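Q: Sharing a structure with you now.
The values are calculated or read from the model by the stated rules, or taken from the named source; none is laboratory data. Quick caveat: nothing in here was measured; it's all calculated off a predicted structure. Note that each Cβ is placed from the backbone with ideal geometry, even for glycine, and that neighbours are counted across all protein chains shown. When the accessible area is computed, the model is the full protein with side chains, heavy atoms only, and any ligands, DNA or RNA have been set aside. Shrake-Rupley method; radii C 1.70, N 1.55, O 1.52, S 1.80 Å.
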Amino acid sequence: MMTRVWYPQLDIYHAIRRVAALLYFWEKSTAPLERLYISDFYFANPPLLHSVHMPADVRATFKDLEIQKPEKSFLTYPTPSILFHKMESIQKKAVQAMAARNLLSSDALHEGNASLSCSGEEFAESRVVGGLSERDIKVIEFLARSFSQISEGDSVDLRKRTGLRRMV
């Protein structure tokens, strides 16, 4: 008998749900794609947030979430940069699929940002947000409201703080 292990980080449907949820709770109306991808990475892998360099106020908010450290987790995580690179194609396909189904604003995408369209907000409210656990909502709110504001406008600093970068 052959078994398959499911990795939610590498599932396009799971990525669509994560992205829709993040954009639904995003502090500002649009999210720069790179920040969205980084936030999605940490929503899929919350224990890896422990290795991010955060300002003191953001770190205090993060500690309130009581997320287990990766060493104390049941899972073994690869290095964040390798996992982030592996997730790249899935994240991009998820955003493309959402744009094709008119869940994202095409104007924002042309500018390198993402925001939910009217039908995207309806989709997020009716199909995504209601299915989230309380813990997931707390993590999303942290990522979309506190974490996303770190080094706002300076993606180089954000990459340094997280250690995540992709080849363009």
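Q: If you stretched the chain out fully between R135 and S151, how much longer would it get, using 0.36 nm times the residue separation minus the C-alpha to C-alpha distance?
A: 3.2 nm
Q: Find me the longest stretch of the chain that has none of the exposed GluC sites (Glu not before Pro), where exposed means in a DSSP loop (not H, G, I, E or B) with at most 15 other Cβ atoms within 10 Å.
A: Longest stretch, sites excluded: 67-110.
Q: Relative contact order of the chain, please, whole-number percent, based on alpha carbon pairs below 8 angstrom and at least 6 residues apart. Could you put the intermediate results ahead of the total?
A: Working: 167 pairs, mean separation 64.0, N = 168.
Here the relative contact order equals 38 percent.
Q: Turning to a different aspect of this structure: Around H53, what is the net charge, scoring Lys/Arg as +1 and Asp/Glu as -1 over all other residues with Cβ under 15 Å from its Cβ?
A: That sum, taken over residues with Cβ under 15 Å, equals +3.
Q: Take the alpha-carbon centre of region 89-164, take the same for region 1-53, and report the distance between them in whole Å.
A: After rounding, the separation between the Cα centres reads 8 Å.
Q: Continuing with the same structure: Counting only chymotrypsin sites (Phe, Trp or Tyr not before Pro) that are in a DSSP loop and have at most 12 other C-beta atoms within 10 Å, tell me the longest site-free stretch of the chain.
A: Excluding the exposed sites themselves, the longest stretch runs over 75-168.
Q: Oh, and also: Rounded to the nearest percent, how much of the accessible area of the chain (1.4 Å probe, protein heavy atoms only) is carbon and sulfur?
A: Details: 5160 of 9870 Å².
Its accessible area is 52 percent carbon and sulfur atoms.
Q: I'd like the accessible area for V129, computed on protein heavy atoms only with a 1.4 Å probe and all protein chains in place. Round to 10 Å², please.
A: About 30 Å², rounded to the nearest 10.
Q: Apply 1/(1 + (r/R0)^6) to the Cβ-Cβ distance of F74 and N102, taking R0 = 41 Å, and write down the FRET efficiency to the nearest 0.05.
A: The computed FRET efficiency comes out at 0.60.
Q: Among all the aspartates and glutamates, which ones have a C-alpha under 20 Å from K92's C-alpha, if same-chain residues fewer than 8 places away are not counted?
A: In chain and number order, the partners are D11, E34, D40, D107, E111, E121.
Q: Rolling a 1.4 angstrom probe over the protein heavy atoms, how many square angstrom per residue are accessible across region 9-162?
A: 53 Å²
Q: Rank these by accessible area, largest first, 1.4 Å probe: H50, H85.
A: H85, H50
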